[in-house]
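Here's the structure, in structure tokens; my notes come after.
The values are calculated or read from the model by the stated rules, or taken from the named source; none is laboratory data. Since this is a predicted model, take the numbers as computed values, not measurements. Cβ placement follows ideal geometry from the backbone for every residue including glycine, while neighbour counts extend to all protein chains displayed. Surface accessibility is based on the protein's heavy atoms, side chains included, excluding ligands, DNA and RNA. Shrake-Rupley method; radii C 1.70, N 1.55, O 1.52, S 1.80 Å.
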Amino acid sequence: MARLNVNPTRMVLANLKKQLNVAVRGHKLMKDKRDELMKRFLDLARENKKLREEVEAQLMEVYASFSVASAVMTPSMMEEALMYPKQGVELQVGSKNIMSVDVPVFNFETTSTEAGNIYPYGFANTSGELDTAIEKLSGIFPTMLKLAAMEKEANMLSDEIEKTRRRVNALEYVKIPQYQETIRYIKMKLDEDERGTQTRLQKVKDMMLKEAIEEKREKDQEAMAQFVSDTSS
């Protein structure tokens, strides 16, 4: 792992240690977030699978009823019956926050509260199977809306899991090792400089000691010479 290109000083070392601590804490938080997102995603996937099977089964019944109605009614009669709906739907989109992800929440309101307005036609010239199909389709609409919100939530959670996974890997395999390698390099460089300084200080000390010994020897020799001179006279 390539280290960071920094000056090997004690101040830089202190800053890198702080950054490493932040990176380690961030890595733990991101891992916890990733694990929680995975748990929520798996729970949602199981619920989504169950709801989708339920919706598909109900839609099969709707299609079957429409098929029978199409068989007993002419295409023009079918088109005329469904051309002008009596009841509309107003869709409201909200959101909720899940682990810093804003996922959609869908709600709807019908423009009419009368149950009979789901049929946009009179009953004289239509098939009973068409009535059944529209009634089932009206009943399954809230479940389909819930399924749509759930699948969108699953997609958004999946994207967030992937982003979080990349961040965790970047911290674990790039940033943290870089900080650790750089800190080791700076420590080694500072230790090396300290040993060099100690060596130089020891040499200076030895030189000063040697000079002091020589100076003392010269003084002793001068004192001895003076003593001999005084004794001779």
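Coupling constants for the stretch 153-161 follow from the phi torsions by the Karplus curve (6.51 cos²θ - 1.76 cosθ + 1.60, θ = phi - 60°), and in residue order they are 4, 4, 5, 5, 5, 4, 5, 5, 4 Hz; glycine and proline get x. With all protein chains kept in place, the per residue accessible area of the stretch 1-70 amounts to 71 square angstrom at a probe of 1.4 angstrom.
For Met83 and Glu56, a Förster radius of 22 Å and the Cβ-Cβ distance give a FRET efficiency of 0.20, rounded to the nearest 0.05. For Ile98, the amide hydrogen comes within under 5 Å of the amide hydrogens of Val103, counting only partners 5 or more places away or on other chains and with H modelled in the peptide plane. Derived scalar couplings between HN and Hα for the stretch 100-108 equal 6, 10, 8, 9, x, 10, 9, 9, 9 Hz in order, rounded to whole Hz, by the Karplus curve 6.51 cos²θ - 1.76 cosθ + 1.60 (θ = phi - 60°), x for Gly and Pro.
Computed about the Cα centre, the dipole magnitude for the chain is approximately 1380 debye when only Lys and Arg (+1) and Asp and Glu (-1) carry charge, each at its Cβ.
Work out the charge dipole of the chain with +1 on the Cβ of Lys and Arg and -1 on the Cβ of Asp and Glu about the Cα centre, then indicate which of Asn97, Leu201, Met60 is farthest towards its positive end. With unit charges placed on the Cβ atoms, the residue in question is Leu201. Pair-distance distribution P(r) for the chain, from all Cα-Cα distances in 5 Å bins starting at 0: 1, 5, 8, 8, 7, 7, 6, 6, 5, 5, 4, 4, 4, 4, 4, 3, 3, 2, 2, 2, 2, 1, 1, 1, 1, 1, 1, 1, 1, 0, 0, 0 percent. Kirkwood hydrodynamic radius of the stretch 125-196, from the reciprocal of the average inverse Cα-Cα distance over all distinct pairs: 18.0 Å. For Leu4, the residues 5 or more places off, or on other chains, whose built amide H falls under 5 Å of its own are Thr182. Each residue of the stretch 133-142 was assigned a 3J(HN,Hα) from its phi angle through the Karplus curve 6.51 cos²θ - 1.76 cosθ + 1.60 (θ = phi - 60°); the sequence is 4, 5, 5, 5, 5, 5, x, 8, 4, x Hz, with glycine and proline shown as x. Placing a pseudo-label 7 Å from each Cα along the Cα-to-Cβ vector at Arg165 and Met188 gives an inter-label distance of 3.5 nm. Annotation: amide H of Thr126 has no partner in the under-5 Å range at sequence separation 5 or more or interchain, hydrogens built in the peptide plane. To the nearest 10 degrees, how steeply does helix 10-72 sit against the main Cα axis of the chain, on a 0 to 90 scale? So the inclination is approximately 10 degrees. Between the listed residues Ala148, Val174, Met188, the Cα displaced farthest toward the positive end of the dipole of the stretch 143-191, a dipole computed from Cβ unit charges relative to the Cα centre, is found at Met188. What are the lysines whose alpha-carbon lies under 18 Å from the alpha-carbon of Lys31, with same-chain residues fewer than 8 places away excluded? Qualifying lysines at Cα under 18 Å: Lys39, Lys163, Lys175. GNM remark for the chain: springs join alpha carbons under 10 Å apart, and the peak mean-square fluctuation among Met78, Met207, Met156 falls on Met207.
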